Amino acid sequence: ENDTTPNENAILAKDQRYFFELTLTLPESEINKQLGVFMVKVDLRAGDRSLLASSKQHSMLPYESAMVSLFRKMMLILPLASGLMSET
């Protein structure tokens, strides 16, 4: 197959720049709060598992004081208890 012929099974076009945004939700557990900083690594691989791109980024849970956390939880207790809202 010629290198310039598009692969009809390909999802992404060759020699085209792409921007990917990944959003992760991390539980607000005590363990996660104590750990503080997390390293997230993402690999983009081809169908044959060869590495196309790799990215690493650090992340952390935003700081929230005990008083603000308690107030936020008190404000959310009724919508959560009544099923109008979900924790996730």
remark   = the chain accessible area per residue, 1.4 Å probe, protein heavy atoms, integer Å², reads 99
Cleavage-rule hits (chymotrypsin sites (Phe, Trp or Tyr not before Pro)) in the chain: DSSP loop, at most 13 neighbouring Cβ within 10 angstrom = 18, 19, 20, 63
task = Would you work out what percent of the accessible area of the chain, with all protein chains in place, is carbon or sulfur (probe 1.4 Å)?
result = 59
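Based only on Cα atoms, what Rg/Rh ratio does the range 31-81 have, Rh being taken as Kirkwood's radius?
With Rg and the Kirkwood Rh in hand, the quotient comes to 1.28.
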note = Taking Cα atoms, the helix 66-82 axis meets the longest principal axis of the chain at an angle in degrees (rounded to 10) of 80
inquiry  = Placing +1 on the Cβ of each Lys and Arg and -1 on the Cβ of each Asp and Glu in the range 16-88, which of 86, 46, 60 has its Cα farthest towards the positive end of the resulting dipole?
reply    = 46
remark   = Those GluC sites (Glu not before Pro) from the range 10-72 that are DSSP loop and have at most 15 other Cβ neighbours within 10 Å turn out to be 21, 28, 64
key: Rounded to whole Hz, the Karplus (6.51, -1.76, 1.60) HN-Hα couplings of the range 46-52, x for glycine and proline   = 7, x, 8, 6, 6, 6, 9
note = For the chain, averaging the sequence separation of alpha carbon pairs under 8 Å that lie six or more residues apart and dividing by its residue count, the contact order in percent is 18
ask   = For the residue pair residue 66 and residue 86, what label-to-label distance in nm results when each label sits 7 Å from Cα along the Cα-to-beta-carbon direction?
value = 3.3
ask   = Cα convex hull of the chain: how many Å³ per residue?
value = 170
note = Amide H neighbours of residue 38 at under 5 Å, excluding residues fewer than 5 places away on the same chain, with H built from the backbone geometry, are 59, 60
task = Among the aspartates and glutamates, select those whose C-alpha is under 12 Å from the C-alpha of residue 56, and discard any that sit fewer than 8 residues away in the same chain.
result = 43
message = If I model a spin label as a point 7 Å beyond the Cα along the Cα-Cβ vector, how far apart are those points for residue 56 and residue 18 in nm?
response = 2.3
ask   = How much length, in nm to one decimal, is gained on full extension between residue 46 and residue 73, taken as 0.36 nm per residue of separation minus their Cα-Cα distance?
value = 5.3 nm
message = With +1 on the Cβ of every Lys and Arg and -1 on the Cβ of every Asp and Glu, and nothing else charged, how large is the dipole of the range 16-61 about its Cα centre, in debye rounded to the nearest 20?
response = 200
ask   = Between 57, 16, 34, which gets the highest mean-square fluctuation from a Gaussian network model of the chain, Cα cutoff 10 Å?
value = 16
remark   = GNM of the chain, Cα pairs under 10 angstrom: of 73, 14, 33, the biggest fluctuation goes to 14
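The values are calculated or read from the model by the stated rules, or taken from the named source; none is laboratory data. Treat the numbers as computed from the prediction; the structure is a model and nothing was measured. Here the Cβ is made from the backbone with ideal geometry for all residues, glycine too, and neighbour counts use every protein chain on show. All accessible areas refer to the heavy atoms of the entire protein, side chains included, with ligands and DNA or RNA removed. Shrake-Rupley method; radii C 1.70, N 1.55, O 1.52, S 1.80 Å.
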